[in-house]
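Student: First, the structure itself, so that you have it in front of you.
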Amino acid sequence: MISYAECSARERLALLVDEGSFHEWLPPALKLTSPHLAQLGVPSAFDDGVAIGRAMLTGRPVFIAAQEGQFMGGGVGEVHGAKLVGLFRRALRDRPHAVLLLAESGGVRLHEANAGLIAVSEVMRALLDVRAAGIPVIVLIGGTGGCFGGMGIVARCADHVVMSDIGRLAMSGPEVIEASHGVEEFDSRDRALVWRTTGGKHRWLTGDCDALVEDDVAAFRTAAIRALGASRPVTLELLEAEHARLAARLAFEGAEATDWWAALGVADAARVPDLDVAGVLALGAR
């Protein structure tokens, strides 16, 4: 077993796809860095924190992107976002079997403010165009930084979301909530609380992710293979069902996650945090 969380972005890429098949576009050798960071005197990365390219997955062509959480928390800036947009637009032309996004990001890079916000909105539009064309978009979340902010929205625009039990997915990160509303609202240092409300187990039980896996690169690869070719067209019926599901959540505003799980039919919901992935999947509640 190789921990997905402990791998770098490029290590995940190499281990996830068929061996030696990844071909990177706009590699670090081209030194495509953010002009905004340079103006602020902030260190840059030659790939601006994201690797994009094409690869093979069980012999089938896919496009793939991996965000590097160790560089500025995987934050999206102008160049970072443009690389993701270009990947999706090329997918419309070349029509791979799927587009895989290995997401690890705290959201928009505040150093780039509006440029980052615009970039995220363009990524969402490009992703939905790809999805509308019948090409499935698969998001994998299992890095130590989680998937928050604008990238949290991007992830939920995809056809499939795969998470490990230690992965995290949300709009606002714990530190952001605490800074905005105080520790009484959300204590970001309470790790158990953080994972109960943003972690993979919670997201799987509440239907926000489609597959829950162990923190193992091989498990992520298997889940990605299963999702290949399985697009989910965005229809009126799908949107209405999603809106109804979200509306039902309002009844749990301010409630503990365990109360929510119990309402979903999970027996002895308080024990969920102590269960392994197999134990959670065996609960069967969704």
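The values are calculated or read from the model by the stated rules, or taken from the named source; none is laboratory data. As the structure is a prediction and not an experimental result, all values here were calculated from the model. Ideal geometry is used to build each Cβ from the backbone, glycine not excepted, and the neighbour counts take in all protein chains shown. With ligands, DNA and RNA removed, areas are computed over all heavy atoms of the protein, side chains included. Shrake-Rupley method; radii C 1.70, N 1.55, O 1.52, S 1.80 Å.
Student: With +1 assigned to the C-beta of every Lys and Arg and -1 to the C-beta of every Asp and Glu, and no other charges, what is the dipole magnitude of the chain about the Cα centre in debye, to the nearest 20?
Tutor: Using only the charged Cβ atoms, the result is roughly 1000 debye.
Student: At R0 = 30 Å, how high is the FRET efficiency between Phe252 and Ala218 if r is their beta carbon distance? Nearest 0.05 is fine.
Tutor: Rounded to the nearest 0.05, the efficiency is 0.30.
Student: Which whole-number percent gives the relative contact order of the range 80-147, counting Cα pairs below 8 Å spaced six or more residues apart?
Tutor: For the range 80-147, the relative contact order is 50 percent.
Student: Turning to a different aspect of this structure: Whenever you get a sec, line up Glu19, Glu6, Glu104 from highest to lowest accessible area (probe 1.4 Å, protein heavy atoms).
Tutor: Descending order: Glu19, Glu6, Glu104.
Student: Same structure again: Using the alpha-carbon atoms, what tilt in degrees (0 to 90, nearest 10) does helix 78-94 show relative to the longest principal axis of the chain?
Tutor: 80
Student: Right, another one. Taking the inverse of the average 1/r across all pairs of different Cα atoms in the range 75-148, what Kirkwood radius in Å do you get?
Tutor: For the range 75-148, inverting the mean 1/r across all distinct Cα pairs yields 12.6 Å.
Student: Taking 0.36 nm per residue of separation and subtracting the Cα-Cα distance, what length does fully extending Asn114 through Ala241 add?
Tutor: Between Asn114 and Ala241, full extension yields an extra 42.4 nm.
Student: Just from the alpha-carbon atoms, what are the Rg and Dmax of the range 1-70 in angstroms?
Tutor: 13.8, 44
Student: Using a 1.4 Å probe on the protein heavy atoms, what percent of the accessible area of the chain belongs to carbon and sulfur?
Tutor: Carbon and sulfur atoms account for 56 percent of the accessible area of the chain.
Student: Mind checking the full-extension length gain between Arg232 and Asp129? Use 0.36 nm per residue of separation minus the Cα-Cα distance, one decimal, nm.
Tutor: 35.8 nm
Student: Do any trypsin sites (Lys or Arg not before Pro) in the range 140-236 lie in a DSSP loop with no more than 11 other beta carbon atoms within 10 Å, and if so, which?
Tutor: Those that pass, being in a loop and sparsely packed, are Arg189.
Student: I'd like the antiparallel share, as a percent to the nearest 5, of DSSP beta bridges with both residues in the chain.
Tutor: Counting DSSP beta bridges with both partners in the chain, the antiparallel share is about 40 percent.
Student: Based on the Cβ-Cβ distance of Asp268 and Thr144, what FRET efficiency does E = 1/(1 + (r/R0)^6) give at R0 = 41 Å, to the nearest 0.05?
Tutor: Efficiency for this residue pair is about 0.90.
Student: Do you know the relative contact order of the chain, to the nearest whole percent, from alpha carbon pairs under 8 angstrom that are 6+ apart?
Tutor: 16
Student: Hey, got the dipole for the range 140-286? About the Cα centre, +1 on K and R Cβ, -1 on D and E Cβ, debye to the nearest 20?
Tutor: Roughly 440 debye for the range 140-286.
Student: With a cut-off of 8 Å between alpha carbons and a minimum separation of six or more residues, what is the relative contact order of the range 79-203 in percent?
Tutor: Relative contact order for the range 79-203 comes out at 23 percent.
Student: Quick check for you: with a 1.4 Å probe and neighbouring chains kept, what is the accessible area per residue of the range 159-275, in Å²?
Tutor: About 52 Å² of surface per residue is accessible.
Student: Provide the solvent-accessible area of Val176, counting protein heavy atoms only and rolling a 1.4 Å probe, rounded to the nearest 10 Å².
Tutor: For Val176, solvent-accessible area is about 80 Å².
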